[in-house]
């Protein structure tokens, strides 16, 4: 790897790092922030579900624009999404209490944050088209490394000073994402609104219905992934409830979030090596099985020690499936539709979060924590079965 490629890899990894620190603020501590502002679990679930739905709808629209447009590139989409996040975070900071506009504003904040992820993933693929070899697994692992201390810090700060400092933390993450993207675009020597490959885009990218028709197996596989992530986000979106049920508090939640993130790092950094020995569909099936096992172990956990033990399986589930899905798209989806494929891949994880947020709030209000988590474990087992059935090797589209 040349010095220039090494520098670009470091900058891309920094973008991932600051993005996942921002996600820690936006999603992992959403329950803490909104409950502090006076919202119940059901209301919190509604807000988070709407935010995920908006992100789910926005991502493929941006992806189709990037795939088809000669003028609009990944960078321009990222600048717009980060600007929107910054304005909304300022609103949260300047307007205290339970404002009537707060639910709508938080929905938009989540949507903008969610839509950034497939754009960052697509940026790595377009960098590779430009001749820059990007180690995506290592970059994504850097995101988990950055997430861990952020979760610890936010847990301690919110426990001591209150959740009103969360918007300030979010603004800092947005600022540093912008700084890293600017450095990356300057080193590539392209206008900030474009990528180096933007001038070579095909105008023949498939429409969404055509894409689904040509990639039915992939779409069924992604439905299985959505079911897996239902249980994942049923825990993560309401982690404060799960932790309190096990005898912990906000600081304990921060520690557990950090532990989860650190468990992801080895597998993500080593995924490129693993992919040389094992097929991509094979690693995806492996991760699906461990998703179901992790969900069951969390449902049966009655103490903080048991929760930590259950989250050891994060290393074999979430940490593997994240880079595996990115590689699966790269291997089996036509390059003209790569942004759309990445968007659908991440969109299915968002779909799992939508149902986890909307149904989860009602379930946590009406059922016990244990019963709610057992339902999630059953859904995760179904998702694993779907992934085992559809994650088989297939020829890449012409």
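The values are calculated or read from the model by the stated rules, or taken from the named source; none is laboratory data. For clarity, every value in this text was computed on a predicted model and none was experimentally measured. Every residue, glycine among them, receives a Cβ derived from its backbone with ideal geometry; neighbour counts consider all protein chains shown.
Only one of these is over 15 Å from the mean Cα position of the chain (by Cα), surrounded by fewer than 24 Cβ atoms within 10 Å (Cβ to Cβ) and farther than 20 Å from residue 242 by Cβ: 99, 40. Name it.
Details: 40 fails: farther than 20 Å from residue 242 by Cβ.
Going through 99, 40 in turn, just one is over 15 Å from the mean Cα position of the chain (by Cα), surrounded by fewer than 24 Cβ atoms within 10 Å (Cβ to Cβ) and farther than 20 Å from residue 242 by Cβ: 99.
Listed residues 319, 288; which is crowded, with 24+ Cβ neighbours inside 10 Å, touching a helix residue (DSSP H, G or I) at 6+ places or on another chain (Cβ under 8 Å), under 30 Å from residue 73 (Cα atoms) and at pLDDT 85 or above?
Working: 288 fails: under 30 Å from residue 73 (Cα atoms).
Only one candidate qualifies: 319.
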Would you be able to say whether some residue in region 9-29 is buried (at least 24 other Cβ atoms within 10 Å of the Cβ) and either modelled with pLDDT under 85 or touching a strand residue (DSSP E or B) at 6+ places or on another chain (Cβ under 9 Å) (or both)? yes
Checked pairs for region 84-110, first at positive phi and touching a residue at least 60 places away in the same chain (Cβ under 8 Å), second surrounded by fewer than 20 Cβ atoms within 10 Å (Cβ to Cβ) and outside any helix (DSSP H, G or I), C-beta under 9 Å and 6 or more apart or across chains, list as 97/37; 97/38
